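Only one structure is covered here, and it is reproduced in the block below.
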Amino acid sequence: MRKLLLNSRLLLPPQLIFTIILILILGIFFRFINLESRMYWHDETYTLLRASGYTVEEVIPKIFDGQVIELEKLKKYQSFNPDKNFVDTINSLATEDQHHPPMYYLMTRWWIEYFGDSVMAIRTLPVLISLFTIPCIYWLCLELFNINLTGWIAMALMAVSPFHVYYAQEAREYSLWTVMILLMSASLLQALRLKTRLTWGIYAATTTLTLYSAGFSIFILISHGIYVAVIEGFRWSKEFVAYLLASFTGLLAFSPWIVIFCINFAKVRQSTGWMDMTLTPLALAKTWISNIGFVFFKALPIPGSLNLVLALAVTALVGYSFYILFKETPIRVWLFVLTLALPLTLTLLLADLILGGIRSTNSRYLIPFYLGCQLVVSYFLAYQIISTKLSFWKQKQWASITVIFITVGIISCGLQSFKQSVSDNQQVADIINKASRPLVISNEVSSKGGGTFGDIMTLSHLLESKVKFQLVIDPAIPDISRKFSDVFLYKISEILNQSLEKKYKMQPMYKSQLWRLKVQ
């Protein structure tokens, strides 16, 4: 490691810097391309609802009243309302969505007020936020490895990671959380290096912001606590005390939301109940491997088994990179990456294996782990390229492998950006839009939601203005008008299904989601 660090601050060849800058430009391009063509999905409509200051329980009685309504009435509750303010946004989350801290939603509320609520405008915010991941991971690499090339490779991998590009275009908090994890981590290492009040103050500030960006950030704070405790030899050193003070400051600032979360824990448990479905250990393992692969490449147009093999190869590379990290770096380096990657990951993984569930299969929850994977792979590739232990030709071979690795990411981002899959809702919308005077009937299980509310809101962004809706709450049955050319049933409950089958003939139109009702 000492010999390696002798070359750590050497200037990189201009052609290499130029190539990486081109890759960064491509990464920016992939983030901005086709923003309007990727329509909202279920969770994103809740982002719009929260940012607009509404709650589900407030909206449902206004639209699920059995009356025929225009499409614009649905969109009203996902648009800027001058009568609602930032307090309403916070209240919406505190009342119904306590496991999502308000930072991103408040930013979205401010954004739509000044830049509008079009799909392009809404998606531009997370894209702009995601751009900060590129310099932030470079800073973290410098603080951690002190090797320029590692930082440049990490920036390139971040820029063309299909995983990060995908979530950069999603109107959720995950690109913000990624930025804050990197900032919080780099600021901790800076504080441990410089040992000043200012740097510890910066760490306290980034801790607060990270906690308010995502609930799972508490695991990052725990990770940092483990790291500092081990590095300081479990002593009450000045640095350990400084960490405790900074983390306590962050937790104190976040304490109002902790209280809200604890008071409403039963609601949180209910709203995340969808994660309780169980997969076999083999199915879980396949998903974990595929998700690790997604950090570096998206499924290529080859047989699915070959994509899994490729993902398995990438997983093996990540594992070997961890081995090289342990072997060639001091504990202050490898322990930081390990503590960043594992606490949250192991918690979710063990919960799934012991209690059952699919928590660990949701890649957006494992961003700390994937950042750890990117850090170790970046170090491994840089190590192979500049290590004095390898011959010149070996170094050139690894440089070529690095280029290929990044090229696969570029191809993946291109496929992801220009060949987007068609969702079920898009298929449903295409069928409905073909009708001349369509009516869509659906229902909710209760006035508190929990059924089709989010799906209906998603569908509303795909339908033409001629489409009308008639929505009810179980067990109510709508009084169906005969003035429409086509009456569609969208994801109706079993109760409504059985009631309508007694009076009308129902023609299945798309899977088990859409039927046409014959009212003549």
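With respect to Gly304, determine if the residue is of a type in the set (Gly, Ala, Ser), surrounded by fewer than 16 Cβ atoms within 10 Å (Cβ to Cβ) and under 25 Å from the mean Cα position of the chain (by Cα). Please lay out each step first, then the result.
Working: of a type in the set (Gly, Ala, Ser): yes; surrounded by fewer than 16 Cβ atoms within 10 Å (Cβ to Cβ): yes; under 25 Å from the mean Cα position of the chain (by Cα): yes.
Answer is yes for this residue.
When you go through Leu371, Leu338, Leu381, Leu366 one by one, which is the residue that is at pLDDT 95 or above, more than 23 Å from Trp152 (Cα to Cα) and assigned to a helix (DSSP H, G or I)?
Criteria check complete, one pass: Leu366.
Run Leu198 past the list (1) over 22 Å from Thr329 (Cα atoms); (2) surrounded by 24 or more Cβ atoms within 10 Å (Cβ to Cβ) and report the number of the one that doesn't hold.
(2)
Collect the residues in segment 228-258 that are open to solvent by 40 Å² or more (accessible area, probe 1.4 Å) and either more than 17 Å from Thr210 (Cα to Cα) or in contact with a strand residue (DSSP E or B) (Cβ under 9 Å, 6 or more places away or on another chain) (or both), keeping them in residue-number order.
Residues satisfying the conditions are Val230, Ile231, Gly233, Phe234, Arg235, Trp236, Lys238, Val241.
Which one of these is closer than 25 Å to Cys373 by Cβ and either open to solvent by 20 Å² or more (accessible area, probe 1.4 Å) or not charged (D, E, K, R) (or both): Ile122, Ile134?
Details: Ile122 fails: closer than 25 Å to Cys373 by Cβ.
Going through Ile122, Ile134 in turn, the sole match is Ile134.
Can you confirm whether segment 276-299 contains a residue that is closer than 23 Å to Ile218 by Cα, open to solvent by 40 Å² or more (accessible area, probe 1.4 Å), of a type in the set (A, V, I, L, M, F, W, C) and modelled with pLDDT of 90 or more?
The answer is yes; a qualifying residue exists.
Please enumerate the residues belonging to segment 401-421 that are surrounded by fewer than 12 Cβ atoms within 10 Å (Cβ to Cβ) and at pLDDT 90 or above.
Taking segment 401-421 as the starting set, the residues that turn out to be surrounded by fewer than 12 Cβ atoms within 10 Å (Cβ to Cβ) are 404, 418-419, 421.
Result: Ile404, single match.
Give the number of residues within segment 454-463 that are under 12 Å from Glu70 (Cβ atoms) and open to solvent by 10 Å² or more (accessible area, probe 1.4 Å).
Within segment 454-463, the subset under 12 Å from Glu70 (Cβ atoms) is 460, 463.
Then drop every residue that is not open to solvent by 10 Å² or more (accessible area, probe 1.4 Å), which leaves 463.
Of the residues in segment 454-463, 1 are under 12 Å from Glu70 (Cβ atoms) and open to solvent by 10 Å² or more (accessible area, probe 1.4 Å).
Please go through segment 67-80 and give me each residue that is open to solvent by less than 20 Å² (accessible area, probe 1.4 Å) and part of a loop (DSSP other than H, G, I, E, B), ordered by number. Full working, then the answer.
Step one: of segment 67-80, the residues open to solvent by less than 20 Å² (accessible area, probe 1.4 Å) are 69, 71, 74, 77-78.
Answer for segment 67-80, where residues must be open to solvent by less than 20 Å² (accessible area, probe 1.4 Å) and part of a loop (DSSP other than H, G, I, E, B): Tyr77, Gln78.
Just to verify a result, which residue in segment 175-208, among those that are more than 25 Å from Gln374 (Cα to Cα) and β-branched (Val, Ile, Thr), is nearest to the chain's Cα centre (by Cα)?
Thr199
If Phe297 satisfies all but one of (1) within 30 Å of Leu355 (Cα to Cα); (2) touching a residue at least 60 places away in the same chain (Cβ under 8 Å); (3) not β-branched (Val, Ile, Thr), what's the number of the condition it fails?
(1)
Given the conditions (1) in a helix (DSSP H, G or I); (2) over 30 Å from Phe18 (Cβ atoms); (3) touching a residue at least 12 places away in the same chain (Cβ under 8 Å), which single one is not true for Tyr323?
In the conditions (1) in a helix (DSSP H, G or I); (2) over 30 Å from Phe18 (Cβ atoms); (3) touching a residue at least 12 places away in the same chain (Cβ under 8 Å), Tyr323 misses (3) alone.
The values are calculated or read from the model by the stated rules, or taken from the named source; none is laboratory data. Treat the numbers as computed from the prediction; the structure is a model and nothing was measured. Counting neighbours? That spans all protein chains shown, and the Cβs are built from the backbone with ideal geometry, glycine included. Accessible surface is based on the protein model in full, side chains and every heavy atom, while ligands, DNA and RNA are left aside. Shrake-Rupley method; radii C 1.70, N 1.55, O 1.52, S 1.80 Å.
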